[in-house]
Amino acid sequence: MIIALLSMITSAFASQSDIRFPGACDGSAAVVVAPRLFVSAYDERNFLLTFTFDGEPVGSPFDLDRFLNVPAGSESDLEGGALAGDGRIYWIGSHGRNKNAKLRPERHRFFATQWDGKLSTVGHARSDLLDALLSDPNYKDLGLQSASTNAPEAEDGLNIEGLAAAPDAALFIGFRNPLFTINGDKHALVVTLLNPAELVDKGGSTPRFAGPRYLNLGGRGIRSLDRLKDGTYRIVAGAIDDNKDFALFSWDGTTQPSQLKADFTDFNPEALIETAPGAVMAISDDGTDICKAAPASEQSFRGRALP
């Protein structure tokens with residue numbers, strides 16, 4: 001019965017070219033780890049899934065509850081992933097509260113896994129990234145402390161959804177919320193984490209950040225931030241709330257992004273993977289209430305090639 005309902009709902013809006021990936025209702029973050037192979041996070045549960053580009057699952061779900069030191073079945077709201085070289089993948093939680101603005105400490109997680117033909121955890125999972133950012137002199141006057149007490153999709157809430165490798169072994173952290181008004185236009189915030197390897201490998205080190213960057217994405221926040229093999233970036237931008245105002249941008253890591261054509265009709269892009277040089281596939285959040293209530297064996301999300 002559930003399968004039939006899911007099929008009816010998704011077939012109504014799925015493009016004929018969409019690829020379906022089983023085992024979860026969305027791919028909230030995705031990282032290519034080998035030719036035609038990627039690892040995906042699921043923001044409703046703390047596990048990682050591996051797929052071929054064609055939608056075939058590889059191996060079993062990789063559970064993270066124990067490593068993250070969170071209750072079994074809890075939600076660390078994993079929203080961003082970045083391949084940093086030598087098979088290391090960094091992952092980040094949303095660091096936001098729940099929809100009722102209730103504190104969710106399990107969402108304050110930054111950690112790494114290793115891909116050597118299979119997944120393993122690396123070093124230490126960190127829970128102090130946001131606290132360090134809020135006390136950093138470059139950020140303490142930006143209103144982030146107040147934003148961190150609001151619901152993530154509220155006006156001036158706080159919500160991290162992007163993570164990408166940056167020059168000099170750093171990471172770019174992309175914020176969906178809050179937005180910042182500059183010269184009359186709302187801009188999205190990008191934070192550069194300077195010492196990710198040190199944080200994960202040594203555990204006791206203090207997070208260090210460069211100054212803030214602000215991107216003009218047409219009044220949208222960052223839903224996904226991904227580095228391509230040529231060193232440029234693709235950004236999926238969207239509203240801070242549930243409004244479906246999605247757009248795709250190209251960014252060189254320095255100047256302001258440029259908007260690209262992309263078809264997000266009946267699609268909720270949450271992540272991107274590079275399937276060939278310069279070609280990307282968007283990964284959708286298909287987490288309807290029906291899908292979330294279904295057994296994992298009956299859940300799935302979609303991928304869509306973008307021109």
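The values are calculated or read from the model by the stated rules, or taken from the named source; none is laboratory data. The shown structure was predicted, so the numbers you read here are calculated from the model rather than taken from an experiment. Ideal geometry is used to build each Cβ from the backbone, glycine not excepted, and the neighbour counts take in all protein chains shown. Heavy atoms of the whole protein, side chains included, go into the accessibility calculation; ligands, DNA and RNA do not. Shrake-Rupley method; radii C 1.70, N 1.55, O 1.52, S 1.80 Å.
Below is a table of values for the structure above.
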{"read-out": "Selection count where residues are open to solvent by 50 Å² or more (accessible area, probe 1.4 Å) and outside any strand (DSSP E or B), scope the stretch 255-287", "value": "7"}
{"read-out": "Scan of the stretch 213-254 for residues that are open to solvent by 10 Å² or more (accessible area, probe 1.4 Å), under 17 Å from T192 (Cβ atoms) and not in a loop (DSSP other than H, G, I, E, B), ordered by number", "value": "R213, Y214, D226, R227"}
{"read-out": "Conditions (1) part of a loop (DSSP other than H, G, I, E, B); (2) open to solvent by 10 Å² or more (accessible area, probe 1.4 Å); (3) of a type outside the set (A, V, I, L, M, F, W, C): number failed by H95", "value": "(2)"}
{"read-out": "Candidate set from the stretch 170-206 (those that are aromatic (F, W, Y) and crowded, with 17+ Cβ neighbours inside 10 Å); member that is farthest from Y90 (Cα to Cα)", "value": "F175"}
{"read-out": "Search result, residues across the stretch 34-89 that are closer than 28 Å to G221 by Cβ, open to solvent by 60 Å² or more (accessible area, probe 1.4 Å) and in a strand (DSSP E or B)", "value": "L83"}
{"read-out": "Residues of the stretch 148-205 classified as closer than 21 Å to V122 by Cα and under 15 Å from the mean Cα position of the chain (by Cα), total", "value": "7"}
{"read-out": "Sole exception among (1) in contact with an Asp or Glu (Cβ under 8 Å, 6 or more places away or on another chain); (2) open to solvent by less than 50 Å² (accessible area, probe 1.4 Å); (3) at pLDDT 95 or above for L6, by number", "value": "(3)"}
{"read-out": "Within the stretch 115-169, tally of residues that are of a type in the set (G, A, S), assigned to a strand (DSSP E or B) and surrounded by 19 or more Cβ atoms within 10 Å (Cβ to Cβ)", "value": "5"}
